1. I'd like the accessible area for A:I137, computed on protein heavy atoms only with a 1.4 Å probe and all protein chains in place. Round to 10 Å², please.
2. Over all residues in B:93-105, what is the mean tally of Cβ atoms on other chains that come within 10 Å of each residue's Cβ?
3. State in Å² the accessible area per residue of the protein assembly as shown; use a 1.4 Å probe, count heavy atoms of protein chains only, and round to the nearest integer.
4. List the residues of the range B:188-202 whose accessible area drops by at least 20 Å² when all protein chains are present, compared with their chain alone, using a 1.4 Å probe and counting only protein heavy atoms.
5. Scanning chain A for helices, which whole DSSP H stretches are 18 Å or more long along the axis (Cα) and average -1.0 or more by Kyte-Doolittle?
6. Out of A:Q24, A:Q128, A:Q76, any idea which swings most in a Gaussian network model of chain A, alpha carbons joined below 10 Å?
7. Quick one: compute the contact order of chain A, relative version, from alpha carbon pairs under 8 angstrom and 6+ residues apart, as a percent.
8. For the A and B pair, go ahead and give the buried accessible area with a 1.4 Å probe, both sides summed, in Å² to 100.
Amino acid sequence: MNQVKDLLLLFISSSLVSNVVLSQFLGLCPFLGVSKKVKTAAGMGTAVIFVITLASAVAGVIYEFVLVRFHIEYLQTIVFILVIAALVQFVEMFLKKVIPGLYEALGVYLPLITTNCAVLGTAIKNVQNEYGIVTGIVNGFATAVGFTIAIVILAGIREKTEFNDVPEALKGSAIVLVTAGLMAMAFTGFSGLI
Amino acid sequence: MNKAAERLYNGILKENPTFVLMLGMCPTLAVTTSAINGLGMGLATAVVLTLSNFLISLLRKMIPDRVRIPAFIVIIASFVTVIELLMKAYLPALNNALGVYIPLIVVNCIILGRAESYAYENPPIPSLFDGLGMGLGFSMALTLIGAFREILGSGAVFDYHFMPEGFVPIGIFVQAPGAFFVLAALVGIQNVIKIKGTKAGKDMSKIGSGCTRDCSTCKEGCSSKFYGEKEDKK
């Protein structure tokens, strides 16, 4: 029972308290770029959940059974980036062939995720914090859920404020960054949770 | 020699990766909580950038076009691993402060961007100086942003207190939201310069042409190049 409680706490901490975008600054590119509409933001979020969870699982297994076993842990950065890049391409091809419906929904977002630092960051964090495979997967899932929450909220705000009268110099990404800053302030409120 | 000086000038001022191109924003926001962290991250990136540019340029005739991006990534990741191990051994405090962002140098757009756009097409020595210039420009930018946030957020820089007695630190600047506000201000200043420059008839297309502006350019810039065949190489 204790273990379940720990995992639950980890889930809340990774998704809300130390939110991947708003307090770790990972995955800023899609966060700012694909947050114009709630619908696309949700699509991006789903793709990120899918990829990060899968990547944490694969990276965890490779770390445990290959890198640790042969005492080559120092190769983790190289191995992880190659595995993640290959994985995303593989997932893209797999979905295209096997589940075309899902591919239609997520396909356009997948290439964007390849070089997304959130994926690699989560895999490395799992190792740095010495999470096992299961804890790593939960952490990856929670991180990605945190990303989705943040990007959907941001997209909602941007939809509402699209026609607001913004000073010339702050138009475009500047005002989005201010919005993200205010969201980050709101999210620091979660730090009292744990 | 002129070429080298021109490359350094280009990287540090004319095409400064942070202030002009807006590349590599993740580490810029994350590690600039203090000037020393910014400097450490900047220099670590500069070393990786210089060495990877040099090696990629040396190997540019041997790397087949189709697999060049994976090849670049392996080279970059190797240098990042070297830097990571060296920092763990000799600068453990800085390494702890920078944490996960050191291995994440691998996915910094600046490094892959320079490899792709400069080192792969130019001889080793100019590439080396290109990497050095860009790296120093990045270090300078991170140190300045770090110093700015640290002075406002804690009233000190490099452990040197110089603000007057009655100064109340604005704590939010060293926390996560402060990073977003500082970057927003930076983009705002860029936009002002851009608007004025365009009115005066100057070419301002370089400003903000990096990732953060809009992800469609990033998609064409970084990710799709990953697949080699989608982008044809001249």
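The values are calculated or read from the model by the stated rules, or taken from the named source; none is laboratory data. This structure is a prediction, so every number in the text was calculated from the model and none was measured. Cβ coordinates were reconstructed from backbone atoms using ideal geometry, including for glycine residues, and neighbour counts include every protein chain displayed. Protein only, heavy atoms only, side chains kept; ligands, DNA and RNA dropped before computing areas. Shrake-Rupley method; radii C 1.70, N 1.55, O 1.52, S 1.80 Å.
1. 50 Å²
2. Numbers: counts 0, 0, 0, 0, 0, 0, 5, 12, 6, 2, 13, 8, 2.
If you average over the peptide's residues, the count of other-chain Cβ atoms is 4.
3. Working: 19510 Å² over 428 residues.
Value returned for the protein assembly as shown: 46 Å² of accessible area per residue.
4. Checking the loss per residue gives B:G188, B:N191, B:I195.
5. Details: long enough: A:38-62 (35 Å, 1.83); A:76-98 (31 Å, 1.77); A:133-160 (41 Å, 1.48); A:173-188 (22 Å, 1.98).
Helices meeting the criterion: A:38-62, A:76-98, A:133-160, A:173-188.
6. The residue with the greatest mean-square fluctuation here is A:Q128.
7. On the way: 209 pairs, mean separation 83.5, N = 194.
Result for chain A is 43 percent.
8. Details: alone 10950 and 12270 Å², together 19510 Å².
The A and B chains share an interface burying roughly 3700 Å².
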